[in-house]
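Encoded as structure tokens, the structure appears first; notes follow it.
The values are calculated or read from the model by the stated rules, or taken from the named source; none is laboratory data. Being a predicted model, the structure only gives us computed values, none of them experimental. When we count neighbours, we look across all protein chains shown, and the Cβ atoms used for this are built from the backbone with ideal geometry, even at glycine. SASA here: full protein model, heavy atoms, side chains in, ligands and nucleic acids out. Shrake-Rupley method; radii C 1.70, N 1.55, O 1.52, S 1.80 Å.
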Amino acid sequence: MKKQLLLECLEKVKKLRRGEVCELTVEGAGVLRAFVEARRKVANVSDGERQLQQKVERVLDTWGSQKDAGTPQRRPETKSQSPHTRTQLTLRTAIDKLKRGQWGEVSPDDLQLLRGTQTALTNDSAAQNKQSDRLLNLLTTVLDRYDAWLSEQEAAPLGTAEPADGSSETASVFSETEAADGEPPAKEVVVVNHLDAGKAFSDGTPGHKTMIADIDVDTYVKVFNFEGETELKGDVPGDVLINVSGGGIKVVGFISGHIVAEGDIVVEGNLQGGMLVSNDGTVTVDRILLGSTVVSKRHDVVTRHVEAPKTLFAWGRVEISGPVLGGVIYGAQVEIEGKVTSGEIHVCGRLKALAFEKGRRGAPIICLCGTLTCENYGRFLDGEMSDKRRNVDQLAAQIESLERLHRFARRMANDCYRTAVFYLLGGVEGASGAMNLQGLQTKSANIKQIIAIAEGVGKYFHVVFEDDGTRDTPQLGAFVEENLGSLTFTEDEVKVLPSEFGAVHIRYLLDRCAELRAMITRLHGDHKKERGPGFLKDTYQKNVSEWRASLGDTDREINEMISRSGIDEDVLEVMHNDPGQLPDVLDKNLEEQSASDLQSDRQRAKSPLIQLLKRSADRHRKSMVQGAENAENAERDYADLRKALAADSVVLYGDMLPGTCEVRARRYDPEVVITSNPDKRSGFDTGMAEVIVVADEISTDTTFRLNGNMIQRVV
């Protein structure tokens with residue numbers, strides 16, 4: 001149990017007179033509800049305890065009917081509010097642990113508070129409103145995830161078991177609240193530094209700073225360092241930098257200077273032109289105004305008004321209870337209860353706002369980017385982190401290549417089985433017809449593989465040529481080598497094909513491999529020498545289109561041969577649409593024909609052609625197994641690297657978050673841009689594109705979603 005929070009709430013209840021209303025926050029009601037549930041398990045209680053418990057239950061019964069009770073406080077506290085009423089940091093901290101999957105850090109106290117709050121919101125239906133509904137849904141989601149994790153650990157949930165004799169921390173809390181003259185216990189968070197701005201910043205000489213908390217600056221400031229939780233009354237001028245280590249800071253005043261804290265930053269006032277950076281906490285501020293920088297490197301940013309900040313960044317959620325009037329915002333998840341006028345919002349998870357409106361500075365730009373990085377707020381990556389990020393990209397390309405090779409090997413194996421069935425059950429032209437079919441299928445499978453490599457390379461170089469700032473990099477070189485390696489694999493597969501499968505087809509495939517190799521090398525050379533995309537747009541794309549036309553002709557010829565073979569319709573259906581069943585179909589018919597009374601059937605079943613096709617299929621199946629193992633290893637390394645980058649708050653990948661990367665609003669003005677590429681802003685109003693620009697006002701609830709590297713309008 002969060003003892004200090006519980007004591008404060010119980011003291012409120014104890015002092016409550018008949019007819020008075022007890023104002024409780026959500027976390028206050030939650031901790032009292034958890035407390036009552038725990039005390040119900042105790043058999044022997046004193047009369048004083050019983051009376052206080054009954055009084056708590058009456059307060060909770062009426063809590064739901066209070067106006068606006070249970071609504072999460074989005075704004076910083078006024079001077080009359082307690083710290084828990086202001087930000088509900090106790091509840092927020094417990095929720096954040098579960099949201100980030102820090103299961104091992106969740107204490108029994110955290111669970112009692114979370115489950116108690118969930119019960120309070122569920123039971124007190126009169127308190128339900130839009131905000132409390134969202135909080136209840138959030139609590140249900142994170143607790144379900146925790147319970148799922150807990151079941152995997154085969155352990156009992158923390159914080160639910162009571163000692164056999166009924167004694168618990170709650171007993172000591174009740175006795176403490178019964179002692180009217182007793183001293184309250186020590187607070188969980190002790191403020192070490194109580195500062196007055198008028199006195200604290202009077203001394204010192206400004207010095208030149210070019211970097212503050214990994215962010216480039218060019219300013220002259222006086223530096224003041226504090227250790228532990230800090231409270232400051234008064235304004236922070238522009239020539240002041242406050243560093244707080246080992247804790248957070250609360251400021252009652254206006255800020256135009258700079259604050260860097262290890263923990264939470266809470267500001268009862270506005271920020272304009274200054275900087276707030278929390279290394280491991282949440283930033284809560286009344287209003288974020290022109291030219292400001294706000295960064296929460298690992299958690300959330302909460303405010304009620306945003307107007308043209310230089311940068312607003314949150315590794316977790318950005319929660320804005322009012323409007324956004326310009327500026328640049330980055331967040332894993334962004335929720336805006338008001339309207340967005342102008343500005344840019346970059347999100348790798350979900351973005352929700354009331355409306356996106358065009359203002360004097362233009363229409364808003366929404367980037368559904370799929371990733372969030374520390375570079376967004378200005379941090380430069382060191383060599384190790386840069387290598388990890390580059391390795392993630394390389395592994396992604398490697399996995400894609402391995403999956404492509406796996407599909408290729410599976411198709412080659414299925415083609416061998418299909419030809420064997422064709423020869424065994426139909427094959428009006430006998431062995432020569434079967435060999436012709438296998439040659440055509442081999443040509444089709446391999447040319448598809450070659451075209452897939454060519455199109456992947458073409459798409460990549462199309463992006464590279466469009467980026468004027470890109471020069472030859474190790475990443476580009478690695479991409480080229482990876483694809484040339486895939487092409488070499490295809491060449492090697494073609495070279496070992498039996499000549500019976502068609503020497504003409506084999507020669508055609510080897511020529512296409514050599515042609516593509518030369519074109520990829522040419523593209524890389526053109527990029528190094530800055531010749532532009534002329535070859536890519538003309539010769540390269542023209543050749544790939546010709547290969548596709550040849551593939552279409554080959555596939556039509558294959559289908560015609562199989563259709564006129566005289567094979568039963570059921571088997572034809574498998575051959576065309578369910579090739580995974582072909583090995584079973586082949587084995588069944590081989591067994592039947594091997595035992596047939598007809599010599600011709602027995603000869604076909606034992607023919608050298610059937611043995612050749614089965615050997616070829618087995619070879620491709622072995623390639624599938626080996627490829628699957630390689631892909632599994634690459635996927636494991638890929639997942640580990642991504643987790644490491646996210647754990648160090650370097651790169652957060654949108655597919656690691658629940659749900660999809662999308663934006664939703666009730667209205668979009670004309671010229672609002674939704675893009676998947678922050679460097680691209682031009683486009684048209686269409687159903688799916690890399691960039692969608694709204695042409696006519698959208699006045700109904702509409703969602704745009706990131707699908708691959710495309711923006712899709714969800715109908």
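Taking (1) on the phi > 0 side of the Ramachandran plot; (2) in a helix (DSSP H, G or I) in turn, Gly378 satisfies each apart from (2).
Is it true that Gly359 is at pLDDT below 95, within 27 Å of Ile674 (Cβ to Cβ) and touching a strand residue (DSSP E or B) at 6+ places or on another chain (Cβ under 6 Å)? Yes: the conditions hold for Gly359. Apart from one condition, Thr293 fits all of (1) buried (at least 22 other Cβ atoms within 10 Å of the Cβ); (2) in contact (Cβ under 8 Å) with a residue 60 or more places away in the chain; (3) farther than 25 Å from Ala197 by Cα; the exception is (3).
Selection of segment 303-315 for residues being over 18 Å from Arg361 (Cβ atoms), open to solvent by less than 20 Å² (accessible area, probe 1.4 Å) and not aliphatic (A, V, I, L, M) yields Thr303, Phe313.
Filtered by the rule that a residue be surrounded by 20 or more Cβ atoms within 10 Å (Cβ to Cβ), over 24 Å from Phe461 (Cα atoms) and of a type in the set (Lys, Arg), segment 502-527 gives no residues. Hey, does segment 420-430 have a residue that's open to solvent by less than 30 Å² (accessible area, probe 1.4 Å), farther than 30 Å from Leu476 by Cβ and free of Cβ contacts under 8 Å to residues at least 24 places away in the same chain? Yes, some residue in segment 420-430 is open to solvent by less than 30 Å² (accessible area, probe 1.4 Å), farther than 30 Å from Leu476 by Cβ and free of Cβ contacts under 8 Å to residues at least 24 places away in the same chain. Reported count of residues in segment 575-628, each being in contact (Cβ under 8 Å) with a residue 24 or more places away in the chain, assigned to a helix (DSSP H, G or I) and surrounded by 13 or more Cβ atoms within 10 Å (Cβ to Cβ), is 24. Within segment 587-625, the residues that satisfy the criterion of being of a type in the set (S, T, N, Q) and under 14 Å from Ala413 (Cα atoms) are Gln611, Ser616, Ser623.
For segment 678-692, a tally of residues being in contact (Cβ under 8 Å) with a residue 40 or more places away in the chain and closer than 11 Å to Leu368 by Cβ returns 1. When both residues are 6+ apart or on different chains and their Cβ atoms are under 6 Å apart, which pairs have a first residue that lies in segment 507-518 and is farther than 14 Å from Thr539 by Cβ, and a second that is not polar (S, T, N, Q)? That search, which allows pairs on different chains as well, returns Leu509/Val494; Leu510/Val494; Arg512/Ile450; Cys513/Leu487; Cys513/Glu491; Arg517/Leu487.
If only residues of segment 265-281 that are small (Gly, Ala, Ser) and within 22 Å of Asp648 (Cα to Cα) are counted, the one that is surrounded by the fewest Cβ atoms within 10 Å (Cβ to Cβ) is Gly281.
Only a single criterion out of (1) over 30 Å from Cys348 (Cβ atoms); (2) exposed (fewer than 14 other Cβ atoms within 10 Å of the Cβ); (3) among the acidic types (Asp, Glu); (4) without any contact (Cβ under 8 Å) to a residue 60 or more places away in the chain is not satisfied by Glu632, namely (1). The requirement of being in contact with a Lys or Arg (Cβ under 8 Å, 6 or more places away or on another chain) and assigned to a loop (DSSP other than H, G, I, E, B) is satisfied by Gly204. Can you confirm whether Val236 is under 17 Å from Val217 (Cβ atoms), crowded, with 19+ Cβ neighbours inside 10 Å, of a type in the set (Val, Ile, Thr) and touching a helix residue (DSSP H, G or I) at 6+ places or on another chain (Cβ under 9 Å)? Here the answer is yes, as Val236 does meet what is asked.
For segment 652-715, give me every one of the strands (runs of 3 or more DSSP E) that falls completely inside it and has 3 or more residues that are of a type outside the set (S, T, N, Q). First the steps, then the outcome.
On the way: elements: 662-665, 673-675, 691-693, 702-707, 710-714.
Per the criteria, 662-665, 691-693, 702-707, 710-714.
State yes or no: is Val251 touching a residue at least 40 places away in the same chain (Cβ under 8 Å), closer than 22 Å to Gly269 by Cβ, assigned to a strand (DSSP E or B) and of a type outside the set (Gly, Ala, Ser)? For Val251, the condition - touching a residue at least 40 places away in the same chain (Cβ under 8 Å), closer than 22 Å to Gly269 by Cβ, assigned to a strand (DSSP E or B) and of a type outside the set (Gly, Ala, Ser) - is not met. Restricting the search to segment 394-419, which residues are at pLDDT 85 or above, in contact with a Phe, Trp or Tyr (Cβ under 8 Å, 6 or more places away or on another chain) and buried (at least 16 other Cβ atoms within 10 Å of the Cβ)? Within segment 394-419, Leu395, Ile399 meet the criteria. Within segment 355-393, if we keep just the residues that are under 19 Å from the mean Cα position of the chain (by Cα) and of a type in the set (S, T, N, Q), the residue that is most open to solvent (accessible area, probe 1.4 Å) turns out to be Asn391.
Answer yes or no as to whether Ser499 is small (Gly, Ala, Ser), modelled with pLDDT under 90 and surrounded by 15 or more Cβ atoms within 10 Å (Cβ to Cβ). No, not satisfied.
Here Ala478 meets the list (1) more than 25 Å from Lys622 (Cα to Cα); (2) small (Gly, Ala, Ser); (3) open to solvent by less than 30 Å² (accessible area, probe 1.4 Å) almost entirely, failing just condition (3).
When the residues of segment 116-131 are filtered to those that are surrounded by fewer than 20 Cβ atoms within 10 Å (Cβ to Cβ) and either touching a Lys or Arg at 6+ places or on another chain (Cβ under 9 Å) or over 20 Å from Glu335 (Cβ atoms) (or both), the one that is modelled with the lowest pLDDT is Ala126. Residue by residue through segment 481-496, note down the ones that are hydrophobic (A, V, I, L, M, F, W, C), open to solvent by 20 Å² or more (accessible area, probe 1.4 Å) and within 20 Å of Ser616 (Cα to Cα). Phe489, Val496, listed by residue number.
For segment 314-333, the set of residues classified as part of a strand (DSSP E or B) and out of contact with any His (no Cβ under 9 Å at 6 or more places or on another chain) consists of Val318, Glu319, Ala332, Gln333, listed by residue number. Every test in (1) farther than 17 Å from Ile450 by Cβ; (2) free of Cβ contacts under 8 Å to residues at least 60 places away in the same chain; (3) hydroxyl-bearing (Ser, Thr, Tyr) is passed by Ser565 save one, and that test is (2). Only a single criterion out of (1) under 23 Å from Gly338 (Cα atoms); (2) open to solvent by less than 70 Å² (accessible area, probe 1.4 Å); (3) in contact with a strand residue (DSSP E or B) (Cβ under 7 Å, 6 or more places away or on another chain); (4) of a type outside the set (Asp, Glu) is not satisfied by Arg713, namely (2).
The single residue among Glu560, Glu530, Glu546 that is surrounded by fewer than 18 Cβ atoms within 10 Å (Cβ to Cβ) and more than 44 Å from the chain's Cα centre (by Cα) turns out to be Glu560.
State whether one or more residues within segment 499-507 are of a type in the set (A, V, I, L, M, F, W, C) and either part of a loop (DSSP other than H, G, I, E, B) or closer than 23 Å to Arg404 by Cβ (or both). Break it down stepwise before answering.
The first filter runs over segment 499-507 and keeps only residues of a type in the set (A, V, I, L, M, F, W, C), leaving 501, 503-504, 506.
Then drop every residue that is not either part of a loop (DSSP other than H, G, I, E, B) or closer than 23 Å to Arg404 by Cβ (or both), which leaves 501, 506.
Yes - at least one qualifying residue is present in segment 499-507.
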